[in-house]
Amino acid sequence: MDSAPKASAGGFWRRSHHLDRMTLGELVRAYFSHYAIIAYLLLTAVSIGVWAWRPAGPVPTVAAIALVVLAYPLIWYVLHRWILHCHWMFKTPLLAGVWKRIHYDHHQDPNHLEVLFGALYTTLPTLLIVAALPGYLIGGIGGAAAGFGAGLLCTCFYEFFHCIQHLSYKPRIRWLAVMKVRHVEHHFHDEDGNFGITNFAWDRLFGSLYTRIDRPMKSPTVFNLGYTPAMAERYPWVAQRSGGVATGHPRQRRRRG
């Protein structure tokens, strides 16, 4: 059973989309018509308007933006490695559904576009904390607007390149090709590493960067993030929302069936 939710808004989003079956042009269309990206861009425009209303001055504005842009890869790394890939969320009844939506479903079917995009109810509060709050401390309301806007645009950038990494093509640009290989390894070989999306500097620093040569054995939990049938017996809340627990890629299981 494919547990990933289907898109419901608009004609284009009434059907399910899988990146390994899409062209770059189809991705661009899907990307800019998705409600999450539209919301990020609209909120960026609002942030610019707030900054124009209560400007922070050039130095605090640049400082707030620079801080967010530089810190974003580290923030994503920390969230990805120590929150989304830890087991405590699926062990907590109130958080199991959130974890399923924002990461378990994506690892169950990494190319499913609808669950690749982050959920607004998790991304926006996070950006308020890690981007707007530091901006406010630097430059008041204008600084908060600048920091929040920068965080929104960074999120748009990350989401697009995350999509690119799941398209069925080999990039001609070397850095993009290497980035894609590292991310594909995270999804299809061993989930305990290569946590960056566009930047693997923090993986290198914290010792989580790897290649298949470094780890020849494929992880048995690469598609379920450790939420095994045994775990589901003890912590059933994700399984109850997923129609059961499986260990392989959903479309591979359907082909075998």
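The values are calculated or read from the model by the stated rules, or taken from the named source; none is laboratory data. Just so we're clear, the structure is a prediction, and the values are computed from it rather than from any experiment. Heads up, the Cβs are rebuilt from the backbone with ideal geometry, glycines too, and the neighbour counts pull from every protein chain shown. These area figures cover heavy atoms from the full protein model, side chains too; ligands, DNA and RNA do not enter into them. Shrake-Rupley method; radii C 1.70, N 1.55, O 1.52, S 1.80 Å.
Observations
- Charged-residue dipole, Cβ positions (Lys, Arg, Asp, Glu), the chain about Cα centre, Debye nearest 20: 640 debye
- Using alpha-carbon coordinates, inclination of helix 58-79 to the longest axis of the chain, degrees: 10 degrees
- Equivalent ellipsoid, segment 1-152 (semi-axes from 5 times Cα gyration tensor eigenvalues, Å): 31, 20, 13
- Normalised per residue, the accessible area of the chain is 49 Å², obtained with a 1.4 Å probe and no contribution from ligands, DNA or RNA.
- Span from the segment 175-222 Cα centroid across to the segment 78-135 one, whole angstrom: 19 Å
- This model, with +1 at the C-beta of Lys and Arg and -1 at the C-beta of Asp and Glu, gives segment 105-257 a dipole about its Cα centre of some 640 debye.
- Think of the chain as a dipole: +1 on every Lys or Arg Cβ, -1 on every Asp or Glu Cβ, centred on the Cα centre; then among HIS87, GLY151, VAL184, VAL184 lies furthest on the positive end.
- Applying 0.36 nm per residue to the separation of THR122 and LEU176 and subtracting their alpha-carbon distance, the gain on full extension is 16.7 nm.
- Cut-off of 10 Å, at most 16 other beta carbons, DSSP loop: longest stretch of the chain lacking such trypsin sites (Lys or Arg not before Pro): 92-171
- Scattering profile of segment 100-223 at q = 0.11, 0.14, 0.17, 0.21 Å⁻¹ [log10 I(q)/I(0), Debye over alpha-carbon scatterers]: -0.46, -0.71, -0.96, -1.23
- Here is the P(r) of segment 119-186: all C-alpha pair distances, binned every 10 Å from 0, give 20, 34, 25, 19, 2 in whole percents.
- Percent carbon-and-sulfur accessible area, segment 1-155, ignoring ligands, DNA and RNA, probe 1.4 Å: 74 percent
- Cut-off under 5 Å, modelled amide H: who pairs with HIS18 long-range: LEU113
- Restriction of the chymotrypsin sites (Phe, Trp or Tyr not before Pro) in segment 43-145 to DSSP coil positions whose beta-carbon has at most 12 other beta-carbons within 10 angstrom yields TRP88.
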